[in-house]
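What follows is a single structure, written as structure tokens, with notes after it.
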Amino acid sequence: MEYRNIFVGGQWREPASEKRISVECPANREIMGSCPEATEQDVDAAVNAAKSALAGEKWSSTSGEDRASHIDSLSAAIKSRTDDLAVCAAREIAAPYSFCKGQVAMARMTLKFYGQLARNYKFEERRTGYFGQVLVRKEPVGVVAAIVPFNGPLFAAMLKIGPALASGSTVVLKVPVEAPLFSYVLAECIQEAAIPAGVINILTADRDASEYLVAHPDVNMASITGSVVAGRRVAEICGSQIKRAALELGGKSAAIVCADAELATVVPELAKASVINSGQACAAQTRILIPRKRYEETVSALGDAYRAMKVGDPFDPETALGPMIHERHFERVKACISAGLEEGARLVTGGGTPEYLKSGYFIEPTLLADVTSDMQIAREEIFGPVVCAIAYDDIEDAIRIANDSEMGLSGSVWTSDVEAGIEIGRKIQAGNFTINGFSMDVAAPFGGYKSSGLGRELGEEGLHDYLEFKSINLPAG
């Protein structure tokens, strides 16, 4: 998978330099392909193409119905390449093929939602105010810098491209250096869907070129899915320019197991929710809060569930977990486990790499018990298959522990009493919460409290970040 060009202005262009990115498969450490690394000149070309596409009747002035048709066409093109996209992802990030195929489905579902919304949304309406009639318009924000992570890049890209296209904005998509090759299949889908030239442009860039993109004077908005550290940097740049920023950042989500929970039903689903995508998921339920009187019973059951999870080949249907994305992250996750043990945590299961998987960056699902909220492993996002089991005294104590975090992205409660679960959910400081499971719905907003981000993705609320609201006050009569 050797690519030589970049996708800018609806066509393949030669990059400005010979700088290249080699892509390593984390399951076997073999180089699986390469692509150009974008420079500042490439960023300029992509932003200029996106800005030109906004002009006149080319894109921003089209109707919601027209934009919806283009969104639907892109969804159809992605559907036709489902296997190509899923296989590419399973090789690039080495997540199970079933997970990667699900990410393609979620990407299409997101586009379907924003296509429907663009058709039905009132981009212009008259209101009767206190002083007369007002024409309220919702106009595209402009050129959007969309920055996506390695752990689900196609789905993350559609979380930004869907509402941006629905609004009439244009996009420069910055894909991750760890997993850029999927974007070449995506670019072919964009061409097949006949998306107007320059509406979606794609670059693979490192940190310096990415910052240059965010700071570009012709970029009107930056939307990032990434770490808290990366989000803070984007916010600093956008704040200095009074430029809009949408931040979907990290999490340290808490799953509250209630005293009435049926462990035989709860544990299998909770175990999966805590190490989804090998823990490389911002909304993974990595803090499990357990009533003290059922602590050892629950920890034992969770340990059995993790030991039963197969780690390995992403194309093996039995595989539940893949590897860490690269060696640096692999070493960091192992260091976090060691730090937790030094702090006093007890290793229930995992913590190492299976002997038969030494060629990749694999870490077994790891359960640490006797963890307290003041420990580093309970406070920092590890982004690996490392789960902390924390004891609580009563439900108010559980809520206090769940909210005792810098982050507030997701959470869950596991109980036989749904109404009680709803009441607990109302008290949790997180943007996404599930009762007896782990889910997100494309029709509902997703995002974080506190350091987990600003703004929302998905739902009608996800469109609002990409719109400028204008009031035209009409004369009397």
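The table that follows gives values for the structure above.
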item	result
The lone exception for Ile224 - which of (1) over 26 Å from Ser80 (Cβ atoms); (2) among the aliphatic types (A, V, I, L, M); (3) surrounded by fewer than 24 Cβ atoms within 10 Å (Cβ to Cβ) it fails	(3)
Failed item, numbered, when Ala49 is tested on (1) modelled with pLDDT under 95; (2) part of a helix (DSSP H, G or I); (3) not aromatic (Phe, Trp, Tyr)	(1)
Odd one out for Ala308, checked against (1) out of contact with any Ser or Thr (no Cβ under 7 Å at 6 or more places or on another chain); (2) more than 18 Å from Ala281 (Cα to Cα); (3) surrounded by 14 or more Cβ atoms within 10 Å (Cβ to Cβ)	(3)
Region 13-45: number of residues that are closer than 16 Å to Val177 by Cα, small (Gly, Ala, Ser) and in contact (Cβ under 8 Å) with a residue 40 or more places away in the chain	2
Residue within region 435-452 that is buried (at least 17 other Cβ atoms within 10 Å of the Cβ), within 16 Å of Ile256 (Cα to Cα) and touching a residue at least 24 places away in the same chain (Cβ under 8 Å) present	yes
Search result, residues across region 260-314 that are over 22 Å from Phe383 (Cβ atoms), small (Gly, Ala, Ser) and without any contact (Cβ under 8 Å) to a residue 60 or more places away in the chain	Ala264, Ser300, Ala301, Ala308
Region 426-471, residues that are closer than 30 Å to Tyr130 by Cα and not in a loop (DSSP other than H, G, I, E, B)	Glu460, Glu461, Gly462, Leu463, His464, Leu467, Glu468, Phe469, Lys470, Ser471
Filtered residue count, region 384-408, keeping only those that are under 15 Å from Tyr449 (Cβ atoms) and in a loop (DSSP other than H, G, I, E, B)	3
Those residues of region 383-410 which are among the acidic types (Asp, Glu) and within 25 Å of the chain's Cα centre (by Cα), in sequence order	Asp404, Glu406
Within region 231-267, considering residues that are hydrophobic (A, V, I, L, M, F, W, C) and assigned to a strand (DSSP E or B), the one nearest to Leu463 (Cα to Cα)	Ala246
Matching residues, region 411-425, being free of Cβ contacts under 8 Å to residues at least 24 places away in the same chain and either within 30 Å of Ala105 (Cα to Cα) or within 21 Å of the chain's Cα centre (by Cα) (or both)	Val418, Ile422, Gly425
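The values are calculated or read from the model by the stated rules, or taken from the named source; none is laboratory data. In this text the structure is predicted, and so the values were computed from the model without any measurement. Backbone-built Cβ (ideal geometry, glycine too); neighbour counts: all protein chains shown.
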